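**Student:** The structure is given below, and queries will be raised subsequently.
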Amino acid sequence: MTFSSFSLDTTLLKAIAESAYDEPTEIQKQSIPLILAKHDVMARAQTGTGKTAAFALPILQKLIVKQSGKQELSALVLTPTRELAQQVYKSFCDYGQFTNLNIGIAYGGVSTKKQISELKAGVDVLIATPGRLLDLIRSGHLSLEQINTVVFDEADRMLDMGFKEEIDQIRKYLPIDKQTLLFSATFADEIYNMSKSILVNPKIVEIDEKNKAADDVEQIVYAVDADRKRELTSYLIGSKNWQQVLVFTRTKQCADHLAKEMTKDGVKSLAIHGDKSQGAREKALHEFKEGKIRALIATDVAARGIDIKGLNHVINYELPYNAEDYVHRIGRTARAGNSGLAVSLVSAGEEWLLTAIEELLEISLLQQWLPGYEPDLTKTSQADKKPINKKNARKKAFSSGDKSNQRRPRSKSSRR
Ligand code: AMP
């Protein structure tokens, strides 16, 4: 199948050719015809599958066909984070570069001035985060009355981040007659509930991503004491000469601390998380992409939506509490058909989190010991003394030195 089989406008086909996309991805094959046929769509797909083009191309196509000379805001894309908003904005600009359509962006954490003047000048498509969108509507700078397509991108993350109320408010400003598209990495109960109130006779598109991520990314798990993780992280990056590594922590504090310590180890690192100003986040991301820093230390929320072309290495310094976040994390690498490696550092107190990931992905992730970094079975490190969950029953036998439950070093990758 080729992009021309969707009967897209030549301006869009030219932009696709410039992006060097040979053929549509699965989500694009399934969603583009449905969106062009004006159906409401509920799609399960993650970042990395080509989902942005799956909604951006048909939205642009519909606008090109409809173009009446009168400029009005016709399409709205809501995203949970500023980073994702920027990325979606860039995609729309790329795909729409040969059209006369204007794309706008609005997100919080920066002055409204530029965004307001851009809106005044006129935009056809607006990419926005919920809070800033409401501010602009309430201050009279924006009307959603002419919207005919609205996209809820990463809807699951929007709900996770507590945007339900904002979404309900925004819906009051939208016309009743419109096409609604909901993209989400999961179809959890909350998403089904949301879909019932916002979608009309939706077509369902499901891309089975979870096992795809596991297939495309080589996954290695090292068992290591919690208090030696930093040393091991710097060692891996240094000894293997990895130049661009995304490192995940669970908390902002850990991200900040780790970035400082790794820089002292000689691995230039910066942290990116929700407490950093927009400017600082953008600077860190830019320096990372430019290769000025080697490691970007990120929390799950901050990293959501980050698209770094050619990123080959992800380190899970701490496993996430939510197993689905693991899929998002490792999905930062091996994008659009490239190969990738995800290394997870697991201390004794985190084994239950690994079990949850194995259950979700329906795979077995064997733990390895890296020579020189084997867990010390005679002591329980400070972090391991506090089991984070009572499910962690295996830990007891492990840290008490019960040899029957010891993990053995493996020479081969744990990939299955
Ligand atoms: P997304 O899931 O929208 O974040 O896209 C992930 C990456 O895949 C981006 O770098 C896109 O530029 C790229 N991409 C999107 N569609 C295609 C395609 N059909 N062929 C190759 N790469 C694509």
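**Student:** Averaged per residue, what accessible area in Å² does the chain show with a 1.4 Å probe, protein chains only?
**Tutor:** 44 Å²
**Student:** Residue 265 accessible area, nearest 10 Å², 1.4 Å probe?
**Tutor:** That residue has around 70 Å² of solvent-accessible surface.
**Student:** Sticking with this one: Using the beta-carbon distance between residue 141 and residue 275 and R0 = 30 Å, what value does 1/(1 + (r/R0)^6) give for FRET efficiency, to the nearest 0.05? Intermediate results must be reported in sequence, preceding the final value.
**Tutor:** Numbers: r = 28 Å, r/R0 = 0.92.
My answer for the efficiency is 0.60.
**Student:** State the percentage of accessible surface on the chain attributable to carbon and sulfur atoms; use a 1.4 Å probe and exclude ligands, DNA and RNA.
**Tutor:** Percent of accessible area from carbon and sulfur atoms in the chain: 48.
**Student:** Any idea how far the Cα center of the range 25-96 sits from the one of the range 212-259, in Å?
**Tutor:** 34 Å
**Student:** Another question, then. What is the ratio of the Cα radius of gyration of the range 1-160 to 2.2 N^0.38 Å, where N is its residue count, to two decimals?
**Tutor:** Here the Cα radius of gyration is 1.00 times the empirical estimate.
**Student:** Once you place label points 7 Å from the Cα toward the Cβ at residue 359 and residue 70, how far apart are they in nm?
**Tutor:** 5.6 nm
**Student:** Related question: In the structure displayed, which of 113/292; 51/309; 51/113; 62/114; 62/113 lie more than 22 Å apart, Cα to Cα? Could you put the intermediate results ahead of the total?
**Tutor:** Working: 113/292 31 Å; 51/309 16 Å; 51/113 31 Å; 62/114 27 Å; 62/113 30 Å.
Among 113/292; 51/309; 51/113; 62/114; 62/113, the Cα-Cα distance tops 22 Å for 113/292; 51/113; 62/114; 62/113.
**Student:** Taking only the alpha-carbon positions of the range 225-351 and ignoring solvent, what does the Debye formula give for the base-10 log of I(q)/I(0) at q = 0.15, 0.21 Å⁻¹?
**Tutor:** Each listed q maps to, in turn, -0.61, -1.31.
**Student:** By average Cβ neighbour count within 10 Å, what is the ranking of 284-292, 98-106, 189-197 from highest down? Spell out each step's value before the answer.
**Tutor:** Numbers: 284-292: 15.8, 98-106: 19.8, 189-197: 13.9.
Highest-to-lowest ranking by the protection proxy: 98-106, 284-292, 189-197.
**Student:** Just read off the accessible area of residue 132 with the full protein assembly in place, 1.4 Å probe, to the nearest 10 Å².
**Tutor:** Probe radius 1.4 Å; accessible area of residue 132 about 30 Å².
**Student:** With springs only between Cα atoms under 10 Å apart, run a GNM on the chain and tell me which of 172, 29, 14 wobbles the most.
**Tutor:** In this elastic network of the chain, the residue with the biggest mean-square fluctuation among 172, 29, 14 is 172.
**Student:** Further question: From the Cα trace of the chain, what convex hull volume per residue do you get, rounded to a whole Å³?
**Tutor:** Looking at the chain, the number lands at 145 Å³ per residue.
The values are calculated or read from the model by the stated rules, or taken from the named source; none is laboratory data. All of these numbers come straight from a predicted model, not from anything done at the bench. Here Cβ is always computed from backbone atoms with ideal geometry, including for glycine, and neighbour counts include all displayed protein chains. Accessible surface areas use protein heavy atoms only, side chains included; no ligands, DNA or RNA. Shrake-Rupley method; radii C 1.70, N 1.55, O 1.52, S 1.80 Å.
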